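Encoded as structure tokens, the structure appears first; notes follow it.
The values are calculated or read from the model by the stated rules, or taken from the named source; none is laboratory data. Quantities reported herein were computed from a predicted structural model and do not represent experimental measurements. Every residue, glycine as well, gets a Cβ built from its backbone with ideal geometry; the counts of neighbours run over all protein chains shown. Surface accessibility is based on the protein's heavy atoms, side chains included, excluding ligands, DNA and RNA. Shrake-Rupley method; radii C 1.70, N 1.55, O 1.52, S 1.80 Å.
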Amino acid sequence: MGATDTAAKRAIPAGFESAHVTPDGYRNMYETSVSDPAAFWGEEGKRLDWIQPYSKVKDTNFDFGSVSIKWFEDGVLNVAANCIDRHLDTRGDQVAIIWEPDDPATPAKHITYRELHENVCRMANVFLSQGVMRGDRVVIYLPMIPEAAYAMLACARIGAIHSIVFAGFSPDALANRINDCGAKLVITADTAPRGGRRTPLKANTDAALLHCSDRVRCLVVKHTGDQTTWIDGRDVDVLALMQTAAPDCPVRPMGAEDPLFILYTSGSTGKPKGVVHTSGGYLVYAAMTHQYTFDYKDGDIFWCTADVGWVTGHSYIIYGPLANGATTVMFEGVPTYPDAGRFWEVCAKHKVNQFYTAPTAIRALMGQGPEWVEKHDLSDLRILGTVGEPINPEAWTWYDKHVGKGKCPIVDTWWQTETGGHLITPLPGATETKPGSATLPFFGVKPVVLEAESGKVVEGNGVEGVLCIGDSWPGQMRTVWGDHQRFQETYFQQYKGYYFTGDGCRRDEDGYYWITGRVDDVINVSGHRMGTAEVESALVAHEKVAEAAVVGYPHEIKGQGIYAYVTLMKGVEPTDDLRKELVKWVRTEIGPIASPDLIQWAPGLPKTRSGKIMRRILRKIAENDYGALGDTSTLADPSVVDDLIDNRMNRG
Ligand code: WT7
């Protein structure tokens with residue numbers, strides 16, 4: 001049991017008495033939400049406008065072999081209408097999106113709900129003119145510019161399914177996703193400024209499309225004006241077409257269970273999975289969590305620093321905030337450009353009230369010293385949030401003291417691409433916090449701790465195990481695109497009757513949850529999920545590599561770093577240049593986020609007699625914790641371990 005278990009709770013700061021949810025409110029509402037979920041969610045569903053109201057609320061089954069998840073299934077709605085049109089009468093002139101560019105010298109843009117409506121309609125009409133129909137897939141490979149929001153909402157408006165590919169991914173990764181979802185078109189930009197540098201998105205898309213059907217159209221947002229190649233008949237200047245397109249476009253009525261988007265995420269095995277989220281349940285859940293977790297009130301300026309290429313950007317830059325009629329900030333840049341004060345400068349400039357970022361960013365900025373924060377007026381900040389990985393108490397305390405001045409509740413939100421929205425999180429006016437704990441479940445969420453090996457439920461407090469969820473919530477993913485069997489096997493096979501999260505956790509004496517990290521072969525690098533198998537297959541695709549094994553190890557800034565053990569082909573010289581070449585290779589195969597931090601040459605890998613790599617041992621060596629290797633008696637050749645220890649790369 002960690003010392004943090006008994007850590008004093010931090011009281012709710014003053015001024016939160018009139019928060020949406022109070023401590024008693026939380027207890028009562030939580031109780032109702034889990035005792036009668038259909039009644040509870042039946043009421044919550046009313047926060048949306050339905051073209052045809054639902055009569056059925058919940059029809060969900062977690063039994064392996066017949067997993068099926070449906071919410072509000074006979075309801076009809078349109079997500080874009082809920083995020084835009086229904087606000088036009090009451091807040092047409094209110095700013096919906098504040099766009100803050102990479103270069104602080106470029107003016108910010110303030111896009112009202114009315115302007116958002118017009119731009120989304122024009123983009124939707126362009127999509128229609130390109131032959132995009134209901135149910136078609138559109139891949140979005142854009143930087144953090146307003147057109148990314150327009151493209152998402154234009155898809156939703158006409159019933160097309162978007163799949164955003166993070167602009168940091170390589171051409172190969174982009175091609176795989178275009179092909180897996182069978183996209184009809186991809187929308188990209190000429191180049192993407194980030195931190196003063198430019199990513200050649202159009203050139204990457206050209207490279208990707210070499211591996212795709214030649215029927216895939218390529219819409220290009222001329223954002224920087226940088227020169228790109230142009231293929232007539234395939235490439236389309238989307239901004240030019242938007243100018244002549246009609247400024248209105250009727251919304252397509254969609255079933256609640258019609259897919260809204262596909263988002264690829266890494267798993268412990270195989271290629272990335274296309275996580276499918278649908279329209280009704282997802283939007284109810286994104287809107288509700290946005291309102292309650294951040295205590296969002298009308299007129300607040302909300303800033304989530306994520307990229308729309310991740311689920312955090314989907315739920316908390318676009319869908320949740322816009323469904324609530326909020327003003328949401330969209331930031332093109334990075335935390336350290338032009339200097340380490342950028343986040344705080346933007347907070348002050350736009351009078352941000354809720355600020356939501358990743359622990360890795362906090363740790364990086366913490367290293368630059370508090371003077372970067374203190375230069376800026378942060379008096380409008382009311383709530384701080386974190387997401388993506390466990391936050392170490394030092395970073396939590398720094399965030400609280402220097403950014404929140406001890407007056408802002410910190411919401412440490414635990415959730416996943418698969419969950420659509422927050423599952424375990426404090427609520428600002430309701431939950432006393434503990435630095436490092438995601439605290440208590442959101443409404444309707446039933447966390448269950450199981451013994452990893454036996455799968456037995458662990459009751460009571462002061463316990464540890466793997467984290468499962470006992471019942472469905474509306475924001476849950478519905479399937480893996482094109483592979484429902486894989487969906488069932490990944491999440492419902494190992495622990496029957498439960499959704500298995502892949503995370504380990506501790507429930508402390510107060511019933512608070514502490515996420516201890518992944519228990520599978522997934523690593524969390526700077527809050528981004530990476531499958532070790534993916535990095536391994538990129539490495540072995542290099543002609544000089546015979547075999548590779550990848551594990552995570554603790555990294556001061558990134559949370560986890562990528563540690564690769566590489567066995568070279570016979571006769572290949574292990575040099576530092578080759579190390580650099582392999583790092584570069586992985587970057588081009590997957591993207592910079594997959595770059596190995598450390599590569600160790602491994603003449604042999606520790607294997608069992610049946611040939612299975614013993615990752616447990618590799619993890620220990622990477623963690624520099626080789627004194628406790630555990631049982632090595634099943635190794636085919638125990639001597640390889642001594643060599644790996646002698647030549648380990650992490651001696652910190
Ligand atoms: C994995 C999900 C959810 C959006 C960003 C990441 C880890 C996420 C927390 C947190 C501890 C966290 C988990 C989870 N994680 N939030 N507050 N505390 N761990 O989404 O890429 O789907 O990754 O991120 O390990 O399973 P994702």
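Overview of results
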| read-out | value |
| --- | --- |
| Meets criteria (free of Cβ contacts under 8 Å to residues at least 60 places away in the same chain and closer than 30 Å to T386 by Cα) for I557 | no |
| Test: E459 is in a loop (DSSP other than H, G, I, E, B), surrounded by fewer than 21 Cβ atoms within 10 Å (Cβ to Cβ) and away from the ligand (no atom under 12 Å from the Cβ) | yes |
| Residue in the stretch 341-353 that is of a type outside the set (D, E), within 16 Å of the ligand (Cβ to nearest atom), under 22 Å from I301 (Cβ atoms) and touching a Pro at 6+ places or on another chain (Cβ under 9 Å) present | no |
| Residue pairs meeting the criteria (Cβ under 8 Å; at least 6 apart or on separate chains; first of a type in the set (S, T, N, Q), in the stretch 85-111; second modelled with pLDDT of 95 or more) | T90/G325; Q94/H87; Q94/T112; Q94/Y113; Q94/G325; Q94/T327 |
| The stretch 568-590 - residue that is farther than 13 Å from V545 by Cβ and open to solvent by less than 70 Å² (accessible area, probe 1.4 Å) and, of those, farthest from the chain's Cα centre (by Cα) | T575 |
| Residues being within 18 Å of the chain's Cα centre (by Cα), of a type in the set (G, A, S) and farther than 19 Å from D412 by Cα - total across the stretch 306-345 | 2 |
| Qualifying residue in the stretch 343-358 (condition: open to solvent by 10 Å² or more (accessible area, probe 1.4 Å), in contact with a Lys or Arg (Cβ under 7 Å, 6 or more places away or on another chain), within 21 Å of P428 (Cβ to Cβ) and at pLDDT 95 or above) | yes |
| Breaking point among (1) farther than 30 Å from S163 by Cα; (2) open to solvent by 10 Å² or more (accessible area, probe 1.4 Å), for G404 | (2) |
| Residue satisfying all of: in the stretch 354-383; of a type in the set (A, V, I, L, M) and in a helix (DSSP H, G or I); farthest from the ligand (Cβ to nearest atom) among these | V373 |
| Hits in the stretch 462-485 (condition: over 19 Å from the mean Cα position of the chain (by Cα) and assigned to a loop (DSSP other than H, G, I, E, B)) | G462, G470, D471, S472, G482, D483 |
| The stretch 636-652, residues that are outside any loop (DSSP other than H, G, I, E, B), within 38 Å of the chain's Cα centre (by Cα) and over 10 Å from G604 (Cβ atoms) | I645, D646 |
| Test result for Q488, under 22 Å from the mean Cα position of the chain (by Cα), of a type in the set (S, T, N, Q) and not in a loop (DSSP other than H, G, I, E, B) | yes |
| Count of residues meeting criterion [open to solvent by 80 Å² or more (accessible area, probe 1.4 Å) and either among the small types (G, A, S) or not in a helix (DSSP H, G or I) (or both)] in the stretch 36-55 | 5 |
| Residue list for the stretch 197-216, filter: open to solvent by less than 20 Å² (accessible area, probe 1.4 Å), β-branched (V, I, T) and under 24 Å from the mean Cα position of the chain (by Cα) | T205 |
| Selection status of Y553, surrounded by 20 or more Cβ atoms within 10 Å (Cβ to Cβ), within 30 Å of V463 (Cα to Cα), of a type in the set (S, T, Y) and touching a Lys or Arg at 6+ places or on another chain (Cβ under 7 Å) | no |
| Qualifying residue in the stretch 384-399 (condition: β-branched (V, I, T), more than 16 Å from the ligand (Cβ to nearest atom) and either surrounded by 21 or more Cβ atoms within 10 Å (Cβ to Cβ) or at pLDDT below 95 (or both)) | no |
| Enumeration of residues in the stretch 97-115 that are closer than 22 Å to W310 by Cβ, touching a His at 6+ places or on another chain (Cβ under 9 Å) and of a type in the set (A, V, I, L, M, F, W, C) | I97, I98, W99 |
| Residues of the stretch 421-456 satisfying the condition of being touching a strand residue (DSSP E or B) at 6+ places or on another chain (Cβ under 6 Å), farther than 22 Å from S35 by Cα and within 14 Å of the ligand (Cβ to nearest atom) | T433, S437, A438 |
| Among the candidates L568, L539, residue that is free of Cβ contacts under 8 Å to residues at least 40 places away in the same chain, farther than 30 Å from M366 by Cβ and more than 16 Å from the ligand (Cβ to nearest atom) | L568 |
| Residue selected from the stretch 597-627 under the condition open to solvent by less than 40 Å² (accessible area, probe 1.4 Å) and of a type in the set (G, A, S), by the criterion farthest from V572 (Cα to Cα) | A622 |
| Count of the stretch 133-174 residues which are under 12 Å from V308 (Cα atoms), of a type in the set (A, V, I, L, M) and assigned to a strand (DSSP E or B) | 2 |
| Hits in the stretch 595-627 (condition: under 17 Å from E547 (Cβ atoms) and of a type in the set (G, A, S)) | A602, G604, S610, G611, A622 |
| Matching entry among T397, T413 (being out of contact with any Asp or Glu (no Cβ under 9 Å at 6 or more places or on another chain), within 20 Å of Y292 (Cα to Cα), in contact (Cβ under 8 Å) with a residue 12 or more places away in the chain and not in a loop (DSSP other than H, G, I, E, B)) | T413 |
| Residue match in the stretch 185-199 (condition: part of a helix (DSSP H, G or I) and out of contact with any Leu (no Cβ under 9 Å at 6 or more places or on another chain)) | no |
| W481 vs. criteria away from the ligand (no atom under 14 Å from the Cβ) and closer than 24 Å to G320 by Cα | yes |
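Residue-wise test of (1) open to solvent by 10 Å² or more (accessible area, probe 1.4 Å); (2) out of contact with any Gly (no Cβ under 9 Å at 6 or more places or on another chain); (3) among the aromatic types (F, W, Y); (4) within 13 Å of the ligand (Cβ to nearest atom).
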residue	(1), (2), (3), (4)
M477	no, no, no, yes
Q485	yes, yes, no, no
Y495	yes, no, yes, no
F500	yes, yes, yes, yes
R506	yes, no, no, yes
Y513	yes, yes, yes, yes
T516	yes, no, no, yes
G531	no, no, no, yes
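Yes or no, residue by residue, for (1) under 18 Å from V120 (Cα atoms); (2) in contact with a Cys (Cβ under 9 Å, 6 or more places away or on another chain); (3) small (G, A, S); (4) surrounded by fewer than 20 Cβ atoms within 10 Å (Cβ to Cβ):
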| site | (1), (2), (3), (4) |
| --- | --- |
| G225 | no, no, yes, yes |
| D232 | no, no, no, yes |
| A240 | yes, no, yes, yes |
| C249 | yes, yes, no, no |
| L260 | yes, yes, no, no |
